[in-house]
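Coordinate-derived values only; no laboratory data. Remember, predicted model here, so these are calculated numbers, not experimental data. Every residue, glycine among them, receives a Cβ derived from its backbone with ideal geometry; neighbour counts consider all protein chains shown.
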Amino acid sequence: MTGRKFWFIWGGLFLAILVASALFGPFLSADPAKPDLYARLLAPSFAHPCGTDELGRDVLARLFSGGRISLAVAVSVVLLAGGLGIILGAVSGYWGGRLDSFLMRTVDVMNCVPTYFLILSLVVIIGPSLFNVVLVLGLTSWTGMARLVRAELLSLREREFVLAARAAGLPARRIIARHILPNLGTTILVASALLAGDAILIESGLSFLGLGVQPPVASWGNLLTSGHEYLQLAWWLIFFPGVAIFLAVASFNFLAEGLRDILDPRMRAGS
Amino acid sequence: MTLSVRNLRLWLRSPETGVPVEVLRGVSFELGEGGSLGIVGESGSGKTMSGLSLIGLLPEGARREGEIILGDRDIIGLRGDDIRAVRGKSIAMIFQDPATALNPLIRVGEQIAESLRTHEGKGQAEAARGAVEWLGRVGIDDPSGTAQKYPHQLSGGMRQRAIIAMALCCGPRVLVADEPTTALDVSLQRQVLDLIGEVRRSSNTALILVSHDLALVSNEVERIAIMYAGRVVEAGPTAEVVAGALHPYTRMLLKAVPAWKRGEPLESVPGAPPDFAALPAGCSFRPRCPLASDKCRQEPVPEQRGPRMVECWNV
Amino acid sequence: MLPLLLGISLLSFAIIHLSPGGFLETQVQMSQKISPASIERLRTLYGLDQPIHVRYWRWLKRLAVLDLGNSFTDGRPVRDAIAAALPATLLLQGISLIIVLLISIPLGGLQALRHGSTFDRSVLAGTLLTYSTPTFWLGPVLMLVLGVNLGLLPVSGFQSPNYAELSFLGRFLDRASHLALPAGVMVIRDLAFFTRYMRGSLLEVIRQEYITVARAKGLDERTVLFRHAMRNALLPFITILGMSLPGLLGGGFIIETIFAWPGMGRLAYTAATGFDYPVIMGILLMSSFLTILGNLLADVMYAVVDPRIRYGGTR
């Protein structure tokens, strides 16, 4: 059925385009950092497919380097928050007890705080920069993954093959790594894809408001800042970066949806 | 005859491929007024689908052929409001799990009264009274108190009684009970079966008891029909079939009933249930049948022997 | 609830002291906006000259009486600034939430009923797309098109300059037109989540046995849907609303800033860029507190509405 593969195809396609352009784009286009004051605010043309910005820099080139930033953010946040979430969730679910209660209380507390405000206060205190944004996002976004992993662990812990492994005297670390986590594969992938999409959105949002990646480094978010300023004069300044963010986030979400589709029928087949 | 099913065929659509699969391949049985029939088979034999087919409670894309004659009219073609008028009022159905058959957010009495309002046109107050009365009839101690309760507040046995009340309150001519005791404790099983027997006899309701448990069914019904792979392979008066089974499958089922004697080995029916998408040519039981011969490559013809029926070349 | 409150106070306390290198020293380095007088005020507010447990205790005491300090930028008590900004945020959030629910409940419900159809898939795709759209892009674009080019709606602010002189109806329309764009963007963003949730909830409910039983009773589809299915499907929404509170409160931050809507989000933005720590911390604490309150409310409502909680069961 065409339907089944639909999400994958589109999500994967755009993601591939994104990665390709981020990796190879900068080599193919103009220098993103080079201002040319004679070429300020030019509309899209053959020479400048996405126009130029207020300093005469080629927007397409800046989009490409912004793409690198966004990808870097996505990957780092997924690794950091995802990794943290998996470890904490696994530990919590497997061992239970006081550790579990404590961790879950922490998750509850963190869930009560509006994410943006939390991120905002952290960023203000340690200062805005790409690294800080990634750090803060990583430290605040792990709760979702942790909850998921913990829930799965709780249910898998009681399954026969785990009991058999324990009866055979395998160490906990091995049981978790070799027997339990592989079952979580799809769940973790889905959560990671969603995390990546959200991370890009949040980072762009922060950069847009000047609290994230600082110019002259180009992030799609801070490209939109100047877009906002010159809203009426230069529609392309807001249009293209926005489309870029949109496509990137959408492709991650579509990918996640496609992965969910794999998960679902397998679950339902068992009923 | 109260209910007469002739050559009922059912096609269901496979969810993955969308291709129709024939799961009932010509089922026929009859039910007299106040009579009782047991439909026995493994899971996947089509026994549950037979029950659901009677009232047309089938998934999207299902298709039926044949005749379902209730009283003097064929109800197989009924749709919409017409078939809804039959459900609950003429043919009632109860299912396996009392824990999930009642809406957890609505009081028990109200769920019974709902039927009374729909089918008997009773007003609110009258229907509520009727519900309480029926709860009493199924042996619940405090009917008015229980009517005000929510399903989770009742025990499993009480819930099943309430469900029986809900099914019978509009005086249906046929009650289809699909594995009504499978989810219950052994101690409750007897109570529920006795209750069903008692209540339906007082209102002369016919009973179709669907189950995989041959021993259980054989104690409750006058006639029995054994189903395999979407067809009835043997049918007849219960006592006769149990005492002298003709079809090899029936014999295997009987042997599989534990004799509860020490030293007797436990038998089972060898092989696996058939895959409807890939049935063998000829007799569908052939792969598992100890008596299989070349003749069995041809689809067996139902043979009538007095009150009994059997479909097998090796009889 | 108490542990949560304590946890939040601990968390914010920790955040304040998070800055690598001395807390205040780093700020002085980073921005000249902080005058020595502000530094002294901060020192007193956070009691940085005291040992840590004393500091924390003082912090807690202040929180208990909602003394959140004074703003750096204008010296007003933080409490007042937040109190002034809160109604605007609540108005925006409230209206958006109502609109979102009015759209997503029927939409998600319809998706569930037409599970797997093209309609289902299209809505799913559509909501995924709207979820992926950055608000800080959609907002300005809509501002440009609807506000500037077409002149249909005001692009910023809470009310027009001549608000006080308008008639009652005029004031209502003025408010509404100022709400339109920011609320619209908010609705588009939140649509995905609630629609998806409704779809999942109703799908799950339809699969329950009591729905099959309701149909078997002969009830018509409308009754089955609205009386039995919807009630059960909507129940989890109460919890979900509670859970989405933090997202709603904080997520409006960007939208409020873009549209110059004088709510908590915009206050947070101005405070952030102005390094106004008391205000930011105050917002953090207040919004968390409101979330906890909201969750409590949701729990209470849930207990009221779900009979399984209101009356314990025998199970």
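Look at the alpha carbon pairs under 8 Å that are at least 6 residues apart: their mean separation over the length of chain A gives a relative contact order of 26 percent.
Could you work out the local net charge near B:Ser36, counting Lys and Arg as +1, Asp and Glu as -1, over the other residues with Cβ closer than 14 Å to its Cβ?
On the way: positive: B:Arg173, B:Arg200, B:Arg201, B:Arg223; negative: B:Glu30, B:Glu33, B:Asp194, B:Glu198, B:Glu220, B:Glu222.
Net charge around B:Ser36: -2.
Name the residue, out of B:Gly32, B:Gly18, B:Gly236, whose mean-square fluctuation peaks in a Gaussian network model built on chain B with Cα pairs under 10 Å. Maximum among the listed residues: B:Gly18.
Inter-chain Cβ neighbour count for C:135-145, averaged per residue, equals 5 (cutoff 10 Å, partner chain atoms only). With the charge dipole of the protein assembly as shown set up from +1 on Lys and Arg Cβ and -1 on Asp and Glu Cβ about the Cα centre, the Cα lying farthest toward the positive end among the listed residues A:Ala20, B:Met158, B:Cys170 is that of B:Met158. Please state the charge dipole magnitude for chain B, taken about the Cα centre, from unit charges on C-beta atoms (+1 on K and R, -1 on D and E), reported in debye and rounded to the nearest 20. With only Lys, Arg, Asp and Glu charged at Cβ, the dipole is about 160 debye. In a reduced charge model with +1 at each Lys and Arg Cβ and -1 at each Asp and Glu Cβ, region B:130-200 shows a dipole moment near 140 debye about its Cα centre. With unit charges on the beta carbons (Lys and Arg positive, Asp and Glu negative) and the dipole taken about the Cα centre of the protein assembly as shown, which residue among A:Leu195, B:Thr2, C:Leu107 sits farthest to the positive side? Value: B:Thr2. Of the trypsin sites (Lys or Arg not before Pro) found in region C:180-211, the ones in coil according to DSSP and having at most 13 other Cβ atoms within 10 Å of their Cβ are C:Arg207.
Between C:Met1, B:Ile39, A:Leu255, the Cα set farthest toward the positive side of the dipole of the protein assembly as shown (charges on each charged residue's Cβ, about the Cα centre) is that of B:Ile39. The alpha-carbon positions of the protein assembly as shown define a convex hull whose volume is 237 Å³ per residue.
When both region B:189-239 and region B:1-33 are represented by their alpha-carbon centers, they are found 19 Å apart. A 26 angstrom limit on the alpha carbon distance is what I want to check against. Which of B:Lys47/B:Lys255; A:Lys5/B:Lys47; B:Lys255/C:Lys217; B:Lys47/B:Lys122 exceed it? Going by Cα-Cα distance, A:Lys5/B:Lys47; B:Lys255/C:Lys217; B:Lys47/B:Lys122 fall outside the 26 Å limit.
Given charges of +1 on the Cβ of Lys and Arg and -1 on the Cβ of Asp and Glu, with all other atoms neutral, how large is the dipole of the protein assembly as shown about its Cα centre, in debye to the nearest 20?
Using only the charged Cβ atoms, the result is roughly 940 debye.
Compute the signed sum of charges (Lys and Arg +1, Asp and Glu -1) over the other residues within less than 14 Å, Cβ to Cβ, of B:Tyr249. Could you put the intermediate results ahead of the total?
On the way: positive: B:Lys47, B:Arg231, B:Arg251, B:Lys255, B:Arg286, B:Arg288; negative: B:Glu42, B:Glu234, B:Glu267, B:Glu311.
Every neighbour counted, the sum reads +2.
Peptides B:197-206, C:128-137 ranked from most to least packed by the mean count of surrounding Cβ atoms within 10 Å: C:128-137, B:197-206. On a C-alpha basis, how far is the centre of region B:127-154 from the centre of region C:171-234 in Å? Whole number, if you could? Spelled out, the Cα-based centre of one part sits 32 Å from the other. Nearest 5 is fine: what % of DSSP beta bridges in the protein assembly as shown come out antiparallel, could you say? Restricted to the protein assembly as shown, the bridges split so that about 60 percent are antiparallel.
Note on B:148-159: average number of Cβ atoms from other chains within 10 Å of each residue's Cβ is 3. Here the Karplus curve 6.51 cos²θ - 1.76 cosθ + 1.60, taken at θ = phi - 60°, turns the phi angles of region C:232-239 into couplings of 5, 6, 7, 3, x, 4, 4, 5 Hz, with x standing for Gly and Pro. With the Cα gyration tensor of region B:178-234 giving a ≥ b ≥ c as the square roots of its eigenvalues, does the rule (a/c under 1.5 for rounded; else a/b larger than b/c for prolate; else oblate) give rounded, prolate or oblate? Judged from the Cα gyration tensor, region B:178-234 comes out oblate (a/c at least 1.5, b/c at or above a/b).
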